[in-house]
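Presented below is the structure to which this report refers.
The values are calculated or read from the model by the stated rules, or taken from the named source; none is laboratory data. Small disclaimer: the values here were computed from a predicted structure and weren't measured. Positions of Cβ are generated from backbone atoms using ideal geometry, with glycine treated the same way; all protein chains shown enter the neighbour counts. Side chains are part of the model used for accessible areas, which takes the heavy atoms of the whole protein and leaves out ligands, DNA and RNA. Shrake-Rupley method; radii C 1.70, N 1.55, O 1.52, S 1.80 Å.
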Amino acid sequence: YFLDKSDKYDSRDVERLQQDDKWVENYLIWRHDVVDDTLKMIDESFQWRKEYTVNDLSESVLPKWLFEIGALFLHGYDKEGYKLFWFKVKHHTRDPKQQLDKKKLVAFWLEHYAKRDHGKPLTVVFDMAETGISHIDLDFVRFIVNCFTDYYPNFLTKIVIFEMPWIMNAAFKIVKGWLGPDAISMLKFTNKSDVQEYISGEYLPPHMGGTDSFKYSYPPLVDDDFQTPLCENGPITSEDEHESKEEIDADTKEAGELNEAQNLNQKKMNSIEQISKSEETDKTEVKPKNAKKALTTFKGPLLHISPAEELYFGSKEIGEKKCLIVLTNVTKNVVAFKVRTTAPEKYRVKPSNSSCEPGTSLDIIVSLHGGFAASLQDRFLIMAAEMEQSCGAGVPELTQFWKEVPRTKVMEHRLRCHVIESSKPSSLTLKDNAFNIPAKTNEDLHVQLTHLLQINRRLEEQMNRCLWFQQLSVVLSLLSVTVAAFCFYLAYAQRS
């Protein structure tokens with residue numbers, strides 16, 4: 001393919017394919033490990049990506065009015081923790097002159113999300129409330145379907161269609177013909193009474209029976225994950241502070257008992273005590289030698305971040321409320337960082353806005369406020385940027401620095417929450433997360449199950465081939481015996 005059509009591909013896509021194993025794996029999974037079909041899909045998607053200049057799509061190259069009408073945007077999560085890609089059908093009208101720009105808007109959003117969340121699948125929501133014949137645009141719907149079936153592999157979890165008018169039933173029968181059996185099973189036709197089987201009320205607008213007060217507007221670009229910054233170490237009342245210190249003392253005591261019972265080595269205990277002391281004094285000390293590092297680490301250009309993807313909290317009943325994030329500065333300059341979250345009312349992060357010296361590590365404590373429970377939909381964003389030697393690292397200097405630093409020079413990394421349901425002592429959460437005991441997500445289990453089914457299918461095919469050869473061998477053997485017996489008979493008859 002490359003030799004014949006190299007001029008039809010974007011060299012950046014070819015380079016990524018050679019380096020990104022996850023991308024290759026997604027193509028294989030989506031085409032059931034059939035290599036020829038996978039190659040065909042890669043070829044078609046690469047040609048499409050170059051035709052639509054997907055790698056260069058940005059807000060500046062698309063008409064502003066496309067963003068302003070709010071027909072397409074990302075907002076909220078379904079019950080499985082997958083991002084929602086909304087298509088407000090009532091804002092769409094057929095116009096051949098605008099069709100290409102609208103298709104590029106779809107590609108822009110998909111590529112924007114794929115780069116931001118490393119290709120984690122989406123749930124598409126077609127909100128068809130207040131729609132009619134004038135909003136039917138099968139060419140545009142087919143393009144959206146093709147994006148998921150042909151261009152973005154393993155990128156779709158389900159398509160939730162809300163209140164489809166009866167007059168559109170015939171049109172969607174045509175759409176089903178484009179989807180294929182795998183994608184058809186992802187269609188979920190819903191109304192106000194059953195849509196919450198897939199999406200909780202907190203991410204549904206009132207007309208869908210939910211409580212989400214989100215109102216689309218532009219600018220800025222809708223990025224609802226991290227629009228609200230975490231309060232800088234507060235506001236913390238004296239009552240909160242007193243309660244926090246009591247929790248820290250209790251955790252320290254339990255950690256000591258656990259250490260004695262299980263004979264943990266003194267070095268580990270010293271690290272835990274240092275973490276407790278740093279939180280008690282509202283400071284986080286730089287401990288490059290003693291900081292506990294998770295088993296998984298995100299290796300960014302400015303900071304290495306442990307854990308790489310998930311923070312582990314206990315359920316509300318378990319009461320596990322603390323997690324540890326370790327930042328390591330891998331540059332030769334001071335790196336400023338700040339932490340933002342989707343749920344600032346739930347979490348306290350210390351420090352949430354500070355700096356890290358060259359070559360050192362720094363511990364961040366993430367704590368749940370009393371009475372709150374962690375959710376799979378909660379997210380954290382770590383932002384980092386290099387500071388010049390002349391810049392100070394005090395609060396005023398950091399505030400001014402973040403106002404002036406260009407967005408292109410800011411490193412961003414996202415962490416999601418994982419809720420542990422099994423019961424264990426509440427003081428273990430910080431220690432467990434320091435070593436980042438991994439847990440399987442639904443996505444991981446789904447991938448493993450898919451692999452097992454594919455292996456099972458290949459074994460079954462091999463067994464069928466073996467049985468066929470065995471049957472053929474038996475038939476040939478019987479035929480040989482019959483021929484030999486007939487020859488002996490003829491020889492005997494001639495002698496007689």
What length, rounded to one decimal in nm, is gained on full extension from L187 through to Q98, with 0.36 nm per residue of separation minus their alpha-carbon distance? 29.3 nm
For the stretch 11-54 the translational diffusion coefficient, Stokes-Einstein from a Kirkwood Rh over Cα pairs at 25 °C and viscosity 0.890 mPa s, in µm²/s, is roughly 229 µm²/s
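Say R0 is 22 Å: what FRET efficiency, to the nearest 0.05, do D194 and F214 get from their beta-carbon distance?
Numbers: r = 22 Å, r/R0 = 0.98.
Taking R0 as 22 Å, the efficiency between D194 and F214 is 0.55.
Kindly sort R340, R457 by accessible area of their heavy atoms, largest first, with the probe set to 1.4 Å.
Numbers: R340 50, R457 90 Å².
Reading off the accessible areas and sorting them downward yields R457, R340.
How many Å² of accessible area per residue for the stretch 298-419, probe 1.4 Å? Walk me through the numbers on the way to the answer.
Values: 4770 Å² over 122 residues.
About 39 Å² of surface per residue is accessible.
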Ignoring ligands and nucleic acids, M186 exposes an accessible area, probe 1.4 Å, in Å² to the nearest 10, of 30 Å²
In whole Å, what three semi-axes, largest first, describe the equivalent ellipsoid of the stretch 298-419 built from its Cα gyration tensor (square root of 5 times each eigenvalue)? 27, 14, 12
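Can you work out the accessible area per residue across the stretch 1-151, with the rest of the protein chains kept in place, probe 1.4 Å, in square angstrom?
Numbers: 6970 Å² over 151 residues.
For the stretch 1-151, the per-residue accessible area is 46 Å².
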How much accessible surface area, in Å² rounded to 10, belongs to the heavy atoms of F469 with a 1.4 Å probe? 110 Å²
Where does the stretch 57-208 land on Rg/Rh, using Cα atoms and the Kirkwood Rh? 0.93
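Of the listed pairs K8/K103; K115/K338; K97/K215, which have alpha-carbon separations greater than 31 Å here?
Details: K8/K103 20 Å; K115/K338 21 Å; K97/K215 28 Å.
In this structure, not one pair exceeds 31 Å between Cα atoms.
Once neighbouring chains are kept in place and the probe is 1.4 Å, which whole percent of the accessible area of the stretch 57-208 is contributed by carbon and sulfur? Spell out each step's value before the answer.
Details: 3350 of 6270 Å².
About 54 percent, which is the carbon plus sulfur part of the accessible surface.
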Under the 0.36 nm per residue contour assumption, what length would be gained going from the current alpha-carbon distance of F298 and L478 to full extension? 58.4 nm
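Could you calculate the FRET efficiency of T408 with Q470 from 1/(1 + (r/R0)^6), where r is the beta carbon distance between them and R0 is 51 Å, rounded to 0.05? Can you show the working numbers first?
Working: r = 65 Å, r/R0 = 1.27.
Calculated transfer efficiency: 0.20.
Can you say what percent of the DSSP beta bridges in the stretch 298-419, counting only those with both residues inside, are antiparallel? Round to 5.
Details: 34 of 38 bridges.
Close to 90 percent.
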Rounded to the nearest 0.05, what FRET efficiency do T399 and N333 have when you use their Cβ-Cβ distance and R0 = 22 Å? 0.70
Antiparallel %, DSSP beta bridges [both residues in the stretch 1-153], to 5: 40 percent
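Going from most exposed to least, what order do W65, W402 have by accessible area with a 1.4 Å probe? Please report the intermediate quantities before stating the final value.
Numbers: W65 90, W402 35 Å².
Correct descending sequence by accessible area is W65, W402.
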Any chance you could get the radius of gyration and Dmax over the Cα atoms of the stretch 296-357, in Å? 13.4, 45
Accessible area (Å², 1.4 Å probe, nearest 10) - R465: 130 Å²
How far apart, in nm, are the 7 Å Cα→Cβ label points at E44 and S134? 3.5 nm
What's the extension gain from L62 to R457 if we count 0.36 nm per residue and subtract their Cα-Cα distance? 137.6 nm
Would you work out what percent of the accessible area of the stretch 447-488, with all protein chains in place, is carbon or sulfur (probe 1.4 Å)? 74 percent
